[in-house]
Amino acid sequence: MTTNGIIQLLAFVLALVLVTKPLGIFLTRVFSNERNFLTPVVGPLERLIYRLCGVKPNAEMKWTTYSMAMLMFSVVGAIVLYGIMRLQDILPWNPQGLGAVAPDLSFNTAVSFVTNTNWQAYSGESTMSYFTQMAGLAFHNFVSAATGIAIAVAVTRGLVRSSAQTLGNFWVDLVRATLYVLLPISIVVGLIFVAGGMVQNLSPYVTAITLEGAKQIIPMGPVASQEVIKMLGTNGGGFFNANSAHPFENPAAWTSFIQVLLIFSIGSGLTYMFGRMAKDQRQGWAIWGAMMFLFLAGLVTCYMSEQSGNPILEKAGIERAATETQSGGNMEGKEVRFGITQSALFATVTTDASCGAVNGMHDSFTPIGGMVPLFNMMLGEVIFGGVGSGLYGMFVFVLISVFIAGLMVGRTPEYLGKKIESKEVKLAMLALLSLVFCMLGFTAWAVVRPDALKSLANTGPHGLTEILYAFTSATANNGSAFAGLSANTPFFNVTLGFAMLFGRFFVIVPMLAVAGSMAKKTAVPVSHGTFLTNTPLFGTLLVMVILIVGGLTFFPALSLGPILEHLLMQAGKLF
Amino acid sequence: MSKHEVHKQKSLFDPAIVKRALVDSIKKLDPRLLWKSPVMFVVEIGAVLTTASWVRELTGFSSGDAVFSGLISAWLWFTVLFATFAEAMAEGRGKAQADALRKTKTETMAKRVTGDTVGKGVQFTQVNATMLRKGDIVLIEAGDIIPGDGDAVEGVASIDESAITGESAPVIRESGGDRSAVTGGTRIISDWLKVKITSNPGETFIDRMIGLVEGASRQKTPNEIALTILLSGMTIIFVVALVALQSFATYLASPVSIVVMVSLLICLIPTTIGGLLSAIGIAGIDRVLQRNVLAMSGRAVEAAGDVSTLLLDKTGTITIGNRMATEFLPAPGVTIEALAQTAHLSSLSDETPEGRSIVALAEQITRDLPFELLSAAKTFIPFSAHTRMSGVDMGGSAIRKGAVDAIARLAGPGGMPPEVTAQVERIAKSGGTPLAVAQDGRVLGVIHLKDIVKPGMRERFEQLRAMGIKTVMITGDNPLTARAIAEEAGVDDFLAEATPEAKMALIRKEQAMGKLVAMTGDGTNDAPALAQADVGVAMNTGTMAAKEAANMVDLDSNPTKLIEVVEIGKQLLMTRGALTTFSIANDVAKYFAIIPAMFMAAFPELAALNIMGLHSPQSAILSAVIFNALIIVALIPLALKGIKYRPLGAAAVLRRNILVYGVGGVIIPFIGIKAIDLVVSAFGF
């Protein structure tokens, strides 16, 4: 590790700590329907939307109604988006005259954006018109993120309420998340990004003649306006194929720094909001602490692996260590603007959260460096996580940790004073199982299908990792790609589409059910016999459970993928 | 430990129990029974698959190392057997006890009353006890076996209940009041009773008891169901992970044999806890039973662990049930020595704690009795429910002690000096009990019997407080007396002048705050509260109504045991949590044993993961499977006895258990598998 690298990482952690509390307090006010500094501006618009849509903002919903509203909203959203892509050739704002998107790709992409995955089996600049990008994709960047936040808020309410039937109103949570949280931050930071050099226009692509005299087409578009929500909403769908490695999407190291901070900020703020709503701030910090530990563990592993580079190069006489004039380590697939530190940071953050934006090619990372993003996603992206999904995903592990360890203190396990019984365990296991089933099951199916294997650029363990990464990324609703896999085939478009659907809704619905069930329970007052969940001990336990459950489930797969590849690399063999 | 417990308690590993468990463990391999334990069911399927491979290899249908497959199959069968053995062992003591109980259910004849004449001389017909139905009235006389459960409607009798309680001292049952319940299968020793039968054949207390101790009517408790779901979920996850692994291996052109795949699966699924789960539950109920408490369901034992408020009756729980003599108050003209000596003589044959306490106090005043008094011929008059006094006739003189009103009746009108009456009132006001002493009808004075807080109760309550349990003393005393005793005993709160309604209101209030409440009771008017409480323990001496309402019956009628039941409940949950943690933690080492072994042939580089340095792929897999089976056996005693219980706060308990079962669970298999590997490789694997 270089001093420079360590300073950059510490600066990031510090910045994250600084935004957590103010954002958490703001989120609490927004979702407790309290007045805040945006109310004078946004309030009238909010009330107008309710009146237009016939929403009764004070009518609270049971978990079933809440789930139905969320599912309906997602289904309708997906159908409309599918329609936009299929009809984009006759819709406006298409200066490049791009044709209609193929059915399987449209299905995949519609699901991808509705589930906040933003898996992109296409290159944006050569497939999607400006209209599709702005009215279709960018719209879902906002509302799929707002849906995630709404679910996290509803689940939080379920956990903290006592003897209650309802979890809040989905439409209100959705609107408030969009109007008070996502839009204002997107507008402000978007302008900062424009100042940093991001493009923002509706012009046709520019044709330039390079120094060598070759013709080069330079894509244009409304980039900056999409960029903030791509990060803030942990969407990750890039305007361009190169995503945040493209200079128009991420012009400088400092914009890259802001981008990674945006990815974590809401996830981190939600833990603070949880603590505040639970009326015990340490409950929030315990979860935050577990997330921070897992983040740092992954980051350090990834960074050190990248910085140490490939031993085979050394044998070829290439200097591996960082020096005054060169970064050392593994620079393949990384932007020189960002270097190893910002690339490792970006890769870790984007997969801890369910963002999926990239500023370098994960496929080109060292095997262990590339395993970190993969493993992060396998854990279900609960390390700060996707907006909302990180928190409610984390509650799956919290329930399991509390259940196993809570028994060891000799009481029926309870969380926030409510007993965890077979119903909650069943639902948590259902959520966990659907993730495992999609990640491993689809991969297992794909690697024995000759037609699927044709999409692979690499063989051996690396090829396995590429497919495993794709299904893991889709299931976890991350959307980042390992590259090396040509996923725009009917097989992958359809299977990945289903992985995204299952990975999203088979976690959301069980967790809303948990919330509904927990809300009804009466909280037991804390006593000496209570297993405290607001202590560092619990944070540690949570980390152990996540690592052991995640590790045990995926160790066989990882051992034949990145671990084997790493060992082979040490032995001088590459793929 | 009281005498009957010694008589009753068989050792956990009594040879007869072990022998019977060995047979039962094989019967339990029946898939229809094993299905209830999903984890072990999967192991059985795995064992069948590997056995099939072994047979194919033996008969040459497929290639492969038949010796290796045979050994793996054998150890997988052992894994299942060890689990069923653990369950059979847990049921062992209960089954032995059930056999003993069944013997009391021999054919009994009953005298069914046909008329409704009052008194003993009624008309009756002899019928078989199995013919009796609810509502029948039967006459039971000295020497008869009580034909069924019921409530005495007429008469007073002493009954030997040793068949169910193990206690040989007879108990008094009388019509009306809170001591009217009689249990079928017990025997009347003296006098007679008319009893109204309250249960049909097959539903009697003894029938239920047999069902419970045998585990026949056992249902999974809520927490056990939740844990089973968790374990089944984990099993499915591992099945998915391993099916996927085979697919990945196929992609890498090095598929793994079914025997190896099954071995890895069985090692990974939580067999340790899966195999011991039902044993832990049964053993928990058994431990309660060994303390002579009959839990009507496992759910009640489990709930006991969650109790956060304990309602304890003052008398018998917090204070020594039978009050102690603390002073002699002579009548005018009587010396204290004379009173003490007379009281001493009257109590010589009185084996009750009160009687003994009188002797002890008298000896402090008068030293030993003079030899001539001790050696004189005496006729002891035992206490009876009718006379409410006891004493001795010696040298033509009748010495009596007993309830003040009974002695007053003996002394005749005006026989009670007013000074004595004043003392009696003073004692009664202070919450004590006066006992009068008379010689030949002359009142000599009174003995002050006082509540004495049981030794060690203060510490006990402190432990309960550390565990987060609030104690509330329930007493009929006035608030002043109650406060004095509450402070002396160190309880958190008290309910004075408690009526059944006040008790009920207190339970409701605590429950509304989300707390679980436990209480003891015996009277019919306790029944609603017993039913309302999350854990209600009825005294066996109590009424049928109380016993029906409660979810536990204490056969010794010792209310202090509620605390022990709570501890057993906690221990039960702790044992489950600890073994689950241990089981999951074990998997780390098993991975490092088996994964490299699976693929070392195709990718020699994976040898780097063989951090235990196991001898060969075969020895590694075999060692992991053997370890996995043996750890179940090794943990059977722990499962049956429960993990060591310490009355500490949750944080301390958790830290300790995580260290022992979590961290220990990661480390132990590394050592164990390596050790087994050394042995296995010595045999040439």
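The values are calculated or read from the model by the stated rules, or taken from the named source; none is laboratory data. Model, not experiment: these values are computed from the prediction. No Cβ is skipped: glycine too gets one built from the backbone with ideal geometry, and neighbour counts run over all protein chains shown.
Inspection of the range A:406-417 identifies no residue that is more than 7 Å from every other protein chain (Cβ to nearest Cβ), surrounded by fewer than 21 Cβ atoms within 10 Å (Cβ to Cβ) and either in a helix (DSSP H, G or I) or in contact with a helix residue (DSSP H, G or I) (Cβ under 8 Å, 6 or more places away or on another chain) (or both).
If you scan the range A:100-154, which residues turn out to be outside any helix (DSSP H, G or I) and small (Gly, Ala, Ser)?
To start, the set of residues in the range A:100-154 that are outside any helix (DSSP H, G or I) comprises A:100-102, A:115-123, A:128-129.
If the condition is that a residue be outside any helix (DSSP H, G or I) and small (Gly, Ala, Ser), then A:ALA100, A:ALA102, A:ALA121, A:SER123, A:SER129 are the ones that fit.
Just one of the listed residues (B:ALA325, B:ALA362) is part of a helix (DSSP H, G or I) and of a type in the set (A, V, I, L, M), and it is B:ALA362.
Quick grid of which residues meet (1) small (Gly, Ala, Ser); (2) over 23 Å from A:ASN250 (Cα atoms); (3) surrounded by 23 or more Cβ atoms within 10 Å (Cβ to Cβ):
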| site | (1), (2), (3) |
| --- | --- |
| A:ALA145 | yes, no, yes |
| A:LEU179 | no, yes, no |
| A:ILE185 | no, no, no |
| A:LEU202 | no, no, no |
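Annotation note: of B:LYS547, B:LYS515, B:LYS561, the sole residue that is in contact with a Pro (Cβ under 9 Å, 6 or more places away or on another chain), buried (at least 18 other Cβ atoms within 10 Å of the Cβ) and touching a residue at least 40 places away in the same chain (Cβ under 8 Å) is B:LYS515.
Within the range A:325-357, restricting attention to residues that are of a type in the set (D, E, K, R) and outside any loop (DSSP other than H, G, I, E, B), the residue that is surrounded by the most Cβ atoms within 10 Å (Cβ to Cβ) is A:ASP352.
Residue check: is B:LEU480 touching a Ser or Thr at 6+ places or on another chain (Cβ under 8 Å) and outside any loop (DSSP other than H, G, I, E, B)? Before the answer, list the steps.
On the way: touching a Ser or Thr at 6+ places or on another chain (Cβ under 8 Å): no; outside any loop (DSSP other than H, G, I, E, B): yes.
Answer is no for this residue.
Taking the criterion of being surrounded by 22 or more Cβ atoms within 10 Å (Cβ to Cβ), in contact (Cβ under 8 Å) with a residue 24 or more places away in the chain and at the interface with another protein chain (Cβ under 7 Å from one of its Cβ atoms), the residues of the range A:545-575 that qualify are A:THR553, A:ALA557, A:LEU560, A:LEU564.
In the range A:523-534, which residues are within 7 Å of chain B (Cβ to nearest Cβ) and more than 12 Å from B:VAL653 (Cβ to Cβ)? I'd like the intermediate steps shown before the answer.
To start, the set of residues in the range A:523-534 that are within 7 Å of chain B (Cβ to nearest Cβ) comprises A:523-525, A:527-532.
Scanning the range A:523-534 gives A:ALA523, A:VAL524, A:PRO525, A:SER527.
Going by the conditions given, is B:SER623 of a type in the set (Gly, Ala, Ser), buried (at least 23 other Cβ atoms within 10 Å of the Cβ), touching a Lys or Arg at 6+ places or on another chain (Cβ under 9 Å) and away from chain A (no Cβ under 14 Å)? Answer is yes for this residue.
So if I check each of B:LEU277, B:LEU245, which one is buried (at least 24 other Cβ atoms within 10 Å of the Cβ), aliphatic (A, V, I, L, M) and at the interface with chain A (Cβ under 8 Å from one of its Cβ atoms)? Selected residue: B:LEU245, the only one of B:LEU277, B:LEU245 that is buried (at least 24 other Cβ atoms within 10 Å of the Cβ), aliphatic (A, V, I, L, M) and at the interface with chain A (Cβ under 8 Å from one of its Cβ atoms).
Tallying residues that are under 17 Å from the mean Cα position of the chain (by Cα), within 27 Å of A:VAL526 (Cα to Cα) and not charged (D, E, K, R) within the range B:284-309 yields 8.
Return the residues of the range A:453-465 that are within 12 Å of chain B (Cβ to nearest Cβ) and either outside any helix (DSSP H, G or I) or surrounded by 23 or more Cβ atoms within 10 Å (Cβ to Cβ) (or both); say none if nothing qualifies. It would help to see each step written out before you state the result.
Step one: list which residues in the range A:453-465 are within 12 Å of chain B (Cβ to nearest Cβ), which gives A:453, A:456, A:459-465.
The answer is A:LEU456, A:THR459, A:PRO461, A:HIS462, A:LEU464, A:THR465.
Scan the range B:364-374 and give yes if some residue there is under 19 Å from B:LEU339 (Cβ atoms), crowded, with 17+ Cβ neighbours inside 10 Å and in contact with a strand residue (DSSP E or B) (Cβ under 8 Å, 6 or more places away or on another chain), otherwise no. Checking the range B:364-374: not a single residue is under 19 Å from B:LEU339 (Cβ atoms), crowded, with 17+ Cβ neighbours inside 10 Å and in contact with a strand residue (DSSP E or B) (Cβ under 8 Å, 6 or more places away or on another chain). The set of residues in the range A:50-75 being part of a helix (DSSP H, G or I), under 15 Å from A:ASP173 (Cβ atoms) and out of contact with any Phe, Trp or Tyr (no Cβ under 9 Å at 6 or more places or on another chain) consists of A:TRP63, A:MET72. Against the definition (touching a strand residue (DSSP E or B) at 6+ places or on another chain (Cβ under 8 Å) and surrounded by 23 or more Cβ atoms within 10 Å (Cβ to Cβ)), how does B:GLY148 come out, yes or no? Yes, satisfied.
Out of all the residues in the range B:431-453, is one or more within 14 Å of chain A (Cβ to nearest Cβ) and either in contact with a Gly (Cβ under 7 Å, 6 or more places away or on another chain) or part of a strand (DSSP E or B) (or both)?
From the range B:431-453, those within 14 Å of chain A (Cβ to nearest Cβ) are none; that's our starting set.
Checking the range B:431-453: not a single residue is within 14 Å of chain A (Cβ to nearest Cβ) and either in contact with a Gly (Cβ under 7 Å, 6 or more places away or on another chain) or part of a strand (DSSP E or B) (or both).
Selection of the range A:14-38 for residues being of a type outside the set (Phe, Trp, Tyr), over 18 Å from A:TRP171 (Cβ atoms) and at pLDDT below 95 yields A:GLU34, A:ARG35, A:ASN36, A:LEU38.
Out of everything in the range B:251-273 that is over 20 Å from B:GLN618 (Cα atoms) and facing another protein chain (nearest Cβ under 8 Å), what residue ends up being surrounded by the fewest Cβ atoms within 10 Å (Cβ to Cβ)? It comes out as B:LEU252.
Evaluated against (1) under 18 Å from A:LEU541 (Cα atoms); (2) touching a Phe, Trp or Tyr at 6+ places or on another chain (Cβ under 7 Å); (3) at the interface with chain B (Cβ under 7 Å from one of its Cβ atoms), A:PHE384 falls short on exactly one condition, (3). Only one entry in A:ALA519, A:ALA523, A:ALA470, A:ALA515 is of a type outside the set (Lys, Arg), in a helix (DSSP H, G or I), surrounded by fewer than 24 Cβ atoms within 10 Å (Cβ to Cβ) and in contact with a strand residue (DSSP E or B) (Cβ under 9 Å, 6 or more places away or on another chain), namely A:ALA519.
Do you know which residues across the range B:640-685 are touching a Ser or Thr at 6+ places or on another chain (Cβ under 7 Å), away from chain A (no Cβ under 14 Å) and either in a helix (DSSP H, G or I) or modelled with pLDDT of 95 or more (or both)? The answer is B:ILE673, B:ILE676, B:ASP677, B:VAL680, B:SER681.
Candidates B:ARG291, B:ARG299, B:ARG323: the one that is of a type in the set (Lys, Arg), within 14 Å of chain A (Cβ to nearest Cβ) and either in contact (Cβ under 8 Å) with a residue 40 or more places away in the chain or in contact with a Cys (Cβ under 7 Å, 6 or more places away or on another chain) (or both) is B:ARG299.
Considering only residues that are in contact (Cβ under 8 Å) with a residue 12 or more places away in the chain and either of a type in the set (A, V, I, L, M) or farther than 15 Å from A:HIS566 by Cβ (or both), look in the range A:309-324 and name the one that is surrounded by the most Cβ atoms within 10 Å (Cβ to Cβ).
Pass one, the range A:309-324, residues in contact (Cβ under 8 Å) with a residue 12 or more places away in the chain: A:309-312, A:315, A:320, A:322.
Filter once more, so that each one left must be either of a type in the set (A, V, I, L, M) or farther than 15 Å from A:HIS566 by Cβ (or both): A:312, A:315, A:320, A:322.
Numbers: A:ILE312: 14, A:LYS315: 9, A:ARG320: 14, A:ALA322: 19.
The residue in question is A:ALA322.
Given the structure, is A:PRO450 more than 9 Å from chain B (Cβ to nearest Cβ) and farther than 14 Å from B:GLY233 by Cα? In short, yes.
Every condition in (1) touching a residue at least 40 places away in the same chain (Cβ under 8 Å); (2) closer than 18 Å to B:LEU444 by Cα holds for B:ALA340 except the one numbered (1).
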